[in-house]
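Every number here is computed from the coordinates shown, using simple stated rules; none is lab data. Note that the structure is predicted; figures quoted are calculated from it, not measured. Note that each Cβ is placed from the backbone with ideal geometry, even for glycine, and that neighbours are counted across all protein chains shown.
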Amino acid sequence: MQYAMMIYAEPGYAEALPDSEREAVLADFAALADDARCVAAAQLQPAEMATCVRVAGGRTLMTDGPFADTKEVLGGVILVEAADLDEVLELAARVPVARYGGVVEVRPVVAR
Amino acid sequence: MLASLVGFLGDFDKAEEAAQEAFAIAAERWPESGLPANPGAWLVTTARNRAIDRIRRERTLSEKIHLLPVPEIVMDVMDEFDDTVIKDERLELIFTCCHPALPLEGQVALTLRALGGLETAEIARAFLVSEETMKRRLSRAKAKIKATGIPFAVPAAHLLPDRLDAVLAVIYLIYNEGYSGRVDLGAEAIRLGGVLAALMPDEPEAHGLLALMMIHHARRRARFSGEDLVLLEDQDRSLWDHAQIAAGRAVLDRAVALSGRGAYVIQAAIASLQTAEQIDWPQVAELYQRLAELTGSAVVELNRAAALAQAGDPAAALRAVDRLDLDGYLYFHSTRGELLRRLGRDDEARAAYQRALELAITTPERRFLTRRFEEL
């Protein structure tokens, strides 16, 4: 059985920590990513880099910024490799929730 | 120049830096050696070479350069260069700046900065924000382009219609900022529209938007008398720029020849009809009808009704207006007031003007409505 662990945090929390604690945080994340049970792990770029995609009447609508949570909740995570933002936005528009009133938020992963 | 550098370097900041360096070198060299045969090409090539030097030093960025290795070019040989050798990448730049994943205000600022060549301080003044705010807005947009991989490319054919709509919307937004008094932005939008129409000669809507802006712009000096708004029928036509109207009509003809049926082409056709000696109001109403079908906009329906009234049927116009759900809209009430007045229903007309006055914000609007109210 696979599980997704969704990580919510206050932006910049790690930067505010003393150096030694921050290093411990990074080491803990690295250990989790290296754990044999971990399938894929990704750190996302800041929320300002987000683009939201909806499909209405067959048209793809995009807006700048992260998804402001209303009654919808995070229902899944798909990690993809794409050449540029246009390519991933096309994939996002194919996620079914995008045409049923839901939103797909696209955010680049921090490169390692 | 910037477009070519951004295309080459894939990075806004580096392109701007390289351009500045090239200008500095030119300022030093040209007074002594004289102007090169082709200053534009000289600047681009110099900027490119400077950028390559810098990137070679930085090493890690070398994979970001699309065109490496570039042959070493000796400064003196470059004078032989022709502008056509340098690839025009302004179209790619337009689509990058107007990418809908960027905030709209960022798209507008970036387009003016990168394609219009306006200084950050000028853009800040035009949008009534501090230079610091505008600087942040620009760097945020540039950071998002870089961090999210917004491509420097003309979108694929299946994406092009939507993406072209976004570009046209940005240019029209810039134009409308200029229309409310800041003439320089209006002229800048027309220049950008001209660049887009030249780069996409087969896109009727690009020509439609350009024609629309030109015909409107040609009437700008007649729209105000002092502080007061002057309606189309009362405008002093000698203040119109007739050469610009003719040029706008020629652009419209091109759009129509391309079978243009889009919203900008229709609006340009309406603007063109309204500059005729005898305005063909039934034809204007017909075009508004088509525009309403296209946009589903109640405001367009209101304009159609106003055209019907001008065509001589105020009763039909009032019936059309009363079907609209626009209670919070000033021009809904002022149009109703005008129609009721023409039908001799003065009490109802006064009530409608009263409601319009409650919604009016600017002084010229208030003065205009008060005058109409008192004339009853």
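Quick notes on this structure:
- Each listed q (0.05, 0.07, 0.13 Å⁻¹) maps to a log10 I(q)/I(0) for the protein assembly as shown from the Debye sum over equal C-alpha point scatterers, namely -0.27, -0.52, -1.33.
- Comparing B:315, B:37, B:15 in a Gaussian network model of chain B (Cα springs below 10 Å), the most mobile by mean-square fluctuation is B:37.
- Structure remark: mean-square fluctuation, Gaussian network model of chain A, C-alpha springs under 10 Å; the largest value among A:55, A:88, A:80 belongs to A:80.
- The Rg/Rh ratio of the stretch B:220-311, with Rg taken over Cα atoms and Rh as the Kirkwood radius over Cα pairs, comes to 0.98.
- Summing Cβ point charges (Lys, Arg +1; Asp, Glu -1) relative to the Cα centre of chain B gives a dipole of roughly 720 debye.
- Pairs of Cα atoms farther than 13 Å apart, the stretch B:121-168, %: 68 percent
- Highest-fluctuation residue, A:66, A:46, A:18 considered, GNM on chain A with Cα pairs under 10 Å: A:18
- Residues residue B:283 and residue B:238, FRET efficiency given R0 of 25 Å [Cβ-Cβ distance, rounded to 0.05]: 0.50
- As computed over the stretch A:15-112, the Cα convex hull volume per residue (Å³): 134 Å³
- Here the contact order of chain B, divided by its residue count and restricted to Cα pairs under 8 Å and six or more residues apart, works out to 9 percent.
- Membrane-span-like helices of chain B, defined as complete DSSP H segments with a Cα extent of 27 Å or more along the helix axis and a mean Kyte hydropathy of at least 0.0, are identified as B:160-179.
- Stokes-Einstein D for the stretch B:91-200, Kirkwood Rh over Cα pairs, 10 °C, 1.306 mPa s (µm²/s): 114 µm²/s
- Potential lengthening between residue B:347 and residue B:125 on full extension [0.36 nm per residue; Cα-Cα distance subtracted]: 75.4 nm
- The alpha carbon gyration tensor of the stretch A:1-41 gives principal lengths a ≥ b ≥ c with a/c of 1.5 or higher and a/b no greater than b/c, which makes the shape oblate.
- Just so you know, the Cα atoms of the stretch B:127-282 work out to an Rg and Dmax of 17.7, 56 Å.
- Relative contact order (percent, whole number), the stretch B:239-376, Cα cutoff 8 Å, 6+ residue spacing: 14 percent
- For the stretch B:280-376, the percent of C-alpha pairs falling in each 5 Å distance bin, counted from 0 to the bin holding the largest distance, reads 3, 15, 24, 23, 19, 12, 5, 0.
- Semi-axis lengths (Å, descending) of the ellipsoid that matches the C-alpha gyration tensor of chain B: 48, 21, 20
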